[in-house]
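Novice: Following this message is one structure expressed as structure tokens.
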Amino acid sequence: MNNSHTTAPSPRTRIRRIPELASYDRSALYQIIDESYVCHIAFHDGENSHCIPTACWRDEDFLYIHGSNGGRLTKMLLGRRQVSIAITHVDGLVLAKSAFSHTMNYRSAVIYGAFELIEGREQKLAAMDVFMDKIAAGRKQEARPGNDKELAATSVLRISLVEAASKISNTLPVDKEEDLDLPVWAGVLPLRVVHGEPIHANSEGLTTPDYVKNWAQ
Ligand SMILES: Cc1cc2nc3c(=O)[nH]c(=O)nc-3n(C[C@H](O)[C@H](O)[C@H](O)COP(=O)(O)OP(=O)(O)OC[C@H]3O[C@@H](n4cnc5c(N)ncnc54)[C@H](O)[C@@H]3O)c2cc1C
């Protein structure tokens, strides 16, 4: 239950609610990001607040995203707008004997800051290669590389992971003393992401790569 936690990197990342679940540890943060394909980016456009899901990946101490130059999200983020990003894994449903003591086991991260644009063809391609490696190691050597037109139409952005906090809950149900003898099942229903069997498309006669063969194992 007690996570390794040192000091929050800033006042807005200090976890006040149940601080014993806080972690400001880099390796915990990296693990949460690396296990996720998606982050949710919250920002204010001057009129409304938005929270937009998008694909993400990490390289060293930065979280990366990419998007069409014409998209609102990209345009907003190019303006160095302050954002808050959330990444969440639900690891289990915690069923207590009393309704109000039910909870969830989770690992989540919240990141603050502003995105910066990756400039230069080589830098952009290098960042996208890391994304391809996340999808499937070795895939970048097989797929047709992005051409100049595709590359020019896409923005790749990154945000520093310096201002981030993780919150990790991994508990059995905690019931009040007076509820412990209630004849109600209590425990945890674990949840996890499962790799399904690959679905082949336009691949007749082609060798199936190992990362596809081994996907569901
Ligand atoms: C799957 C899941 C289910 C949850 N269900 C509930 C629920 O039903 N009710 C409920 O009240 N809360 C729930 N939480 C916890 C919730 O995310 C917040 O931590 C909590 O509501 C306190 O929010 P706050 O803004 O008051 O926290 P504060 O501690 O005041 O937040 C201060 C700072 O701590 C950081 N922080 C806060 N929460 C998180 C987090 N989860 N992960 C990483 N950094 C964080 C942020 O930087 C934030 O600005 C759930 C979390 C997860 C991941």
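Rundown of residues vs (1) in a helix (DSSP H, G or I); (2) of a type in the set (Ser, Thr, Tyr); (3) closer than 30 Å to Asp181 by Cα, yes/no style:
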position: Ile15; (1), (2), (3): no, no, no
position: Ile32; (1), (2), (3): yes, no, no
position: Cys39; (1), (2), (3): no, no, no
position: His50; (1), (2), (3): no, no, no
position: Pro53; (1), (2), (3): no, no, no
position: Tyr64; (1), (2), (3): no, yes, no
position: Gly67; (1), (2), (3): no, no, no
position: Thr74; (1), (2), (3): yes, yes, no
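Novice: Something else about it: Cβ-Cβ below 8 Å, separation at least six or inter-chain, first residue in region 89-116 and farther than 27 Å from Asp181 by Cα and near the ligand (Cβ under 10 Å from one of its atoms), second among the aromatic types (Phe, Trp, Tyr) and part of a strand (DSSP E or B): which pairs?
Specialist: His89/Tyr106; Val90/Tyr106
Novice: With the requirement that a residue be surrounded by 19 or more Cβ atoms within 10 Å (Cβ to Cβ) and not hydrophobic (A, V, I, L, M, F, W, C), what does region 68-91 give you?
Specialist: Thr74
Novice: Additional query: Can you tell me which residue is nearest to Lys167 (Cα to Cα) among those in region 109-130 that are surrounded by 18 or more Cβ atoms within 10 Å (Cβ to Cβ) and of a type outside the set (Val, Ile, Thr)? Walk me through it before giving the result.
Specialist: First pass over region 109-130, keeping only residues surrounded by 18 or more Cβ atoms within 10 Å (Cβ to Cβ): 109-113, 115, 118, 124, 127-128.
Subsequent filtering for residues that are of a type outside the set (Val, Ile, Thr) retains 109, 112-113, 115, 124, 127-128.
Values: Ala109: 6, Tyr112: 15, Gly113: 18, Phe115: 23, Lys124: 32, Ala127: 28, Met128: 29 Å.
Selected residue: Ala109.
Novice: Considering only region 131-188, how many residues are assigned to a helix (DSSP H, G or I) and hydroxyl-bearing (Ser, Thr, Tyr)? Break it down into steps so the answer makes sense when it comes.
Specialist: Quick first cut of region 131-188, residues assigned to a helix (DSSP H, G or I) only: 131-135, 139-141, 148-152, 177-179.
Still in the list and also hydroxyl-bearing (Ser, Thr, Tyr): none.
Of the residues in region 131-188, 0 are assigned to a helix (DSSP H, G or I) and hydroxyl-bearing (Ser, Thr, Tyr).
Novice: Also, I was wondering about something else. Quick check on my filter: what residues within region 68-107 are among the small types (Gly, Ala, Ser) and under 28 Å from Val184 (Cβ atoms)? Even if it seems obvious, please write down each step before you answer.
Specialist: Within region 68-107, the subset among the small types (Gly, Ala, Ser) is 68, 70-71, 79, 84, 86, 92, 96, 98-99, 101.
The answer is Gly92, Ala96, Ser98, Ala99, Ser101.
Novice: So, Ser68, is that one of a type in the set (Gly, Ala, Ser) and either within 10 Å of the ligand (Cβ to nearest atom) or under 30 Å from Val174 (Cβ atoms) (or both) or not?
Specialist: Values: of a type in the set (Gly, Ala, Ser): yes; either within 10 Å of the ligand (Cβ to nearest atom) or under 30 Å from Val174 (Cβ atoms) (or both): no.
For Ser68, the condition - of a type in the set (Gly, Ala, Ser) and either within 10 Å of the ligand (Cβ to nearest atom) or under 30 Å from Val174 (Cβ atoms) (or both) - is not met.
Novice: Another question about this same structure. For Gly92, are the conditions met, namely being under 30 Å from Val174 (Cβ atoms) and touching a strand residue (DSSP E or B) at 6+ places or on another chain (Cβ under 8 Å)? Lay out the reasoning, then the answer.
Specialist: Numbers: under 30 Å from Val174 (Cβ atoms): yes; touching a strand residue (DSSP E or B) at 6+ places or on another chain (Cβ under 8 Å): yes.
Against the criterion (under 30 Å from Val174 (Cβ atoms) and touching a strand residue (DSSP E or B) at 6+ places or on another chain (Cβ under 8 Å)), Gly92 qualifies.
Novice: Collect the residues in region 140-172 that are surrounded by fewer than 16 Cβ atoms within 10 Å (Cβ to Cβ), more than 15 Å from the ligand (Cβ to nearest atom) and closer than 28 Å to Arg192 by Cα, keeping them in residue-number order.
Specialist: Leu172 - this is the single residue of region 140-172 that is surrounded by fewer than 16 Cβ atoms within 10 Å (Cβ to Cβ), more than 15 Å from the ligand (Cβ to nearest atom) and closer than 28 Å to Arg192 by Cα.
Novice: Right, Val193: within 19 Å of the chain's Cα centre (by Cα), within 16 Å of the ligand (Cβ to nearest atom), of a type in the set (A, V, I, L, M, F, W, C) and in a loop (DSSP other than H, G, I, E, B) or not?
Specialist: Values: within 19 Å of the chain's Cα centre (by Cα): yes; within 16 Å of the ligand (Cβ to nearest atom): yes; of a type in the set (A, V, I, L, M, F, W, C): yes; in a loop (DSSP other than H, G, I, E, B): yes.
Spelling it out, Val193 is indeed within 19 Å of the chain's Cα centre (by Cα), within 16 Å of the ligand (Cβ to nearest atom), of a type in the set (A, V, I, L, M, F, W, C) and in a loop (DSSP other than H, G, I, E, B).
Novice: Run down Leu21, Leu29, Leu73 and say which single residue is touching a residue at least 12 places away in the same chain (Cβ under 8 Å) and more than 23 Å from Lys167 (Cβ to Cβ). Let's see the steps before the verdict.
Specialist: Numbers: Leu21 fails: more than 23 Å from Lys167 (Cβ to Cβ); Leu29 fails: more than 23 Å from Lys167 (Cβ to Cβ).
Step by step, each of Leu21, Leu29, Leu73 is checked, and only Leu73 is touching a residue at least 12 places away in the same chain (Cβ under 8 Å) and more than 23 Å from Lys167 (Cβ to Cβ).
Novice: Could you list, in sequence order, all residues of region 148-177 that are over 19 Å from Val94 (Cβ atoms) and more than 28 Å from the chain's Cα centre (by Cα)?
Specialist: Asp148, Lys149, listed by residue number.
Novice: Quick one: would you say Tyr106 is under 13 Å from the mean Cα position of the chain (by Cα), among the hydroxyl-bearing types (Ser, Thr, Tyr), within 26 Å of Ala152 (Cα to Cα) and in a strand (DSSP E or B)?
Specialist: Details: under 13 Å from the mean Cα position of the chain (by Cα): yes; among the hydroxyl-bearing types (Ser, Thr, Tyr): yes; within 26 Å of Ala152 (Cα to Cα): no; in a strand (DSSP E or B): yes.
No, not satisfied.
Only the coordinates and a few stated rules stand behind these numbers; no lab work does. Computed from a prediction, not measured in an experiment: that's the story for all the values here. Methodologically, a virtual Cβ is constructed for each residue, glycine included, from the backbone with ideal geometry; neighbour enumeration extends over all protein chains shown.
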